[in-house]
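Asker: Could you have a look at this structure, given as structure tokens, before my questions?
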Amino acid sequence: QVQLVESGGGLVQAGGSLRLSCAASGRTLSTYSIGWFRQAPGKEREFAAAIGKDDATYYADSVKGRLAISRDNAKNTVYLQMNTLKLEDTAVYYCARCRYIVSAMCVPENTWGQGTQVTVSS
């Protein structure tokens, strides 16, 4: 069974960039569709981006053009490049295996790690 660990979060000013990593152990990540989700304070967890087994990418409307998901199979890692960050991007970011992708969204397995905190300041 694959285990996923998120990293790369931090404090960044609005307009800045961060790259999050989702590292896998136990199984080869390339055989899975992987999604990034985020949960802001007081809000429900929401879908942000996903990459399919065929490397097709999917994004929530709120992040299109600013976030980019990719994978490095040699490193068994999925990345989320975050550019032009906004205050509303402040959240804990989680990666998860997708049970399936439907309507351009990842439906996640119900297994979550600790996530990585992203805080965008003005």
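The values are calculated or read from the model by the stated rules, or taken from the named source; none is laboratory data. It should be emphasised that the depicted structure is a prediction, and the values quoted were computed from it without experimental measurement. Cβ atoms come from the backbone with ideal geometry, glycine included; neighbour counts cover every protein chain shown. The protein model used for the area step is the full one, side chains on, heavy atoms only, and it has no ligands, DNA or RNA in it. Shrake-Rupley method; radii C 1.70, N 1.55, O 1.52, S 1.80 Å.
Asker: For residue 52, only one of the following conditions fails: (1) open to solvent by 30 Å² or more (accessible area, probe 1.4 Å); (2) touching a residue at least 24 places away in the same chain (Cβ under 8 Å); (3) not aliphatic (A, V, I, L, M). What is its number?
Answerer: All conditions pass for residue 52, except number (1).
Asker: Right, next: What are the residues in the range 66-83 that are among the polar types (S, T, N, Q) and surrounded by fewer than 13 Cβ atoms within 10 Å (Cβ to Cβ), if any?
Answerer: If the condition is that a residue be among the polar types (S, T, N, Q) and surrounded by fewer than 13 Cβ atoms within 10 Å (Cβ to Cβ), then 73 is the only one that fits.
Asker: Of all residues in the range 95-122, count the ones that are without any contact (Cβ under 8 Å) to a residue 60 or more places away in the chain, not in a loop (DSSP other than H, G, I, E, B) and not aliphatic (A, V, I, L, M).
Answerer: Adding up the residues that qualify gives 1.
Asker: Among the residues of the range 1-22 satisfying the criterion of being surrounded by fewer than 17 Cβ atoms within 10 Å (Cβ to Cβ) and among the aliphatic types (A, V, I, L, M), which is farthest from residue 81 (Cα to Cα)?
Answerer: Checked the range 1-22; the qualifying residue farthest from residue 81 (Cα to Cα) is 2.
Asker: Filter the range 94-104 down to residues that are among the hydrophobic types (A, V, I, L, M, F, W, C) and within 17 Å of residue 63 (Cβ to Cβ) and give me whichever is surrounded by the fewest Cβ atoms within 10 Å (Cβ to Cβ).
Answerer: Per the stated criteria, the residue is 104.
Asker: Test of understanding: among 118, 107, 63, which residue is farther than 20 Å from residue 2 by Cβ, surrounded by 14 or more Cβ atoms within 10 Å (Cβ to Cβ) and in contact with a Phe, Trp or Tyr (Cβ under 6 Å, 6 or more places away or on another chain)?
Answerer: 118
Asker: Do you know which residues across the range 21-35 are outside any helix (DSSP H, G or I) and free of Cβ contacts under 8 Å to residues at least 60 places away in the same chain?
Answerer: Result: 21, 23, 24, 25, 26, 27, 28.
Asker: Answer yes or no as to whether residue 92 is touching a helix residue (DSSP H, G or I) at 6+ places or on another chain (Cβ under 7 Å), outside any loop (DSSP other than H, G, I, E, B) and modelled with pLDDT of 95 or more.
Answerer: Spelling it out, it is not the case that residue 92 is touching a helix residue (DSSP H, G or I) at 6+ places or on another chain (Cβ under 7 Å), outside any loop (DSSP other than H, G, I, E, B) and modelled with pLDDT of 95 or more.
Asker: Then there's this: Among (1) open to solvent by 80 Å² or more (accessible area, probe 1.4 Å); (2) at pLDDT below 95, there is one condition residue 31 misses while meeting the rest; what is its number?
Answerer: Exception for residue 31: condition (1).
Asker: Same structure, new question: Would you say residue 91 is in contact (Cβ under 8 Å) with a residue 24 or more places away in the chain and surrounded by 19 or more Cβ atoms within 10 Å (Cβ to Cβ)?
Answerer: Answer is yes for this residue.
Asker: Would you mind stating whether residue 72 is under 14 Å from residue 23 (Cβ atoms) and free of Cβ contacts under 8 Å to residues at least 24 places away in the same chain?
Answerer: Yes.
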